[in-house]
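These notes concern the structure reproduced below.
The values are calculated or read from the model by the stated rules, or taken from the named source; none is laboratory data. For clarity, every value in this text was computed on a predicted model and none was experimentally measured. For neighbour counting, all protein chains shown are included, and Cβ atoms are generated from backbone atoms with ideal geometry for every residue, glycine included. Heavy atoms of the whole protein, side chains included, go into the accessibility calculation; ligands, DNA and RNA do not. Shrake-Rupley method; radii C 1.70, N 1.55, O 1.52, S 1.80 Å.
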Amino acid sequence: MTINDHVIRYQEHATEKTYEELVAAFEAAVADAESGEFARAFEAAKHDANSRESWEAACRELFGPSGFMHVFSIDHTEMLRWYGVPVKAKMWIYGSPILAATMLVHDIRVGGRVPLQILIYEADNGEARIGYDLPSTIMGRFGNADVNAAALELDTKLVAFATELTDSGV
């Protein structure tokens, strides 16, 4: 057994938007892959002689304006309401399979950490927030320079995306 302690950097952006406005902005910018289109595109590409090109073209058609798609979401708001906890929070597993591939080709262990997660929630003071782990700090534990370079590019894209969604600085 190998144990590798590693520090992950969590980042949040606050906004003057309401929780509902921030969720709506995220969902408008990130395509919904839960509809099955993603799986159908993957299956079609497997049977195409130009699989990589077909796959990437199909993905690009599925991406939202952000260049990301979400593959799963959990609405903690509804779930915690059943337990008498009045919160507003929703988590998405999201990403870009094309960007993921830029890391996976260098180290398959990245596959245990992509796609990424993001949380939008309403803080106790009523402020809407978006939070996520920086990909470079997640992937840095693998000690692969090529993965690190790709993850740093993803950091830049993710920070810019969250900043745009919240109309904020970091």
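The requirement of being hydroxyl-bearing (Ser, Thr, Tyr), over 21 Å from Trp55 (Cβ atoms), part of a strand (DSSP E or B) and at pLDDT 95 or above is fulfilled somewhere in the range 107-122, by at least one residue. Pairs linking a residue in the range 1-16 that is among the β-branched types (Val, Ile, Thr) to a residue that is open to solvent by 100 Å² or more (accessible area, probe 1.4 Å) and part of a loop (DSSP other than H, G, I, E, B), with Cβ atoms under 8 Å and 6 or more positions apart or on different chains, are Thr15/Asp167.
Taking the range 117-138, which residues are within 14 Å of the chain's Cα centre (by Cα) and not small (Gly, Ala, Ser)? Those that are within 14 Å of the chain's Cα centre (by Cα) and not small (Gly, Ala, Ser): Gln117, Ile118, Leu119, Ile120, Ile130, Tyr132, Asp133, Leu134, Pro135, Ile138. The number of residues in the range 123-153 being assigned to a helix (DSSP H, G or I), touching a Ser or Thr at 6+ places or on another chain (Cβ under 9 Å) and among the β-branched types (Val, Ile, Thr) comes to 1. If you go through the range 72-104 and keep only what is open to solvent by 50 Å² or more (accessible area, probe 1.4 Å) and under 15 Å from Asp32 (Cβ atoms), you end up with Phe72, Ile74, Asp75.
In the range 115-170, of all residues being open to solvent by 30 Å² or more (accessible area, probe 1.4 Å) and of a type in the set (A, V, I, L, M), the one that is farthest from Ile8 (Cα to Cα) corresponds to Ala160.
Against the list (1) in contact (Cβ under 8 Å) with a residue 40 or more places away in the chain; (2) under 22 Å from Arg9 (Cα atoms), the condition Leu104 fails is (1). The residues on offer are Ala57, Ala89, and the sole one that is at pLDDT 90 or above and not hydroxyl-bearing (Ser, Thr, Tyr) is Ala89. Scanning the range 3-52 for residues that are under 16 Å from Ile98 (Cβ atoms) and modelled with pLDDT of 85 or more yields Val30, Ala31. Counting the residues of the range 65-106 that are over 15 Å from Glu153 (Cα atoms) and not in a loop (DSSP other than H, G, I, E, B) gives 19. Scan the range 1-33 for residues that are farther than 18 Å from Glu56 by Cα and either open to solvent by less than 90 Å² (accessible area, probe 1.4 Å) or polar (S, T, N, Q) (or both) and the total you get is 20.
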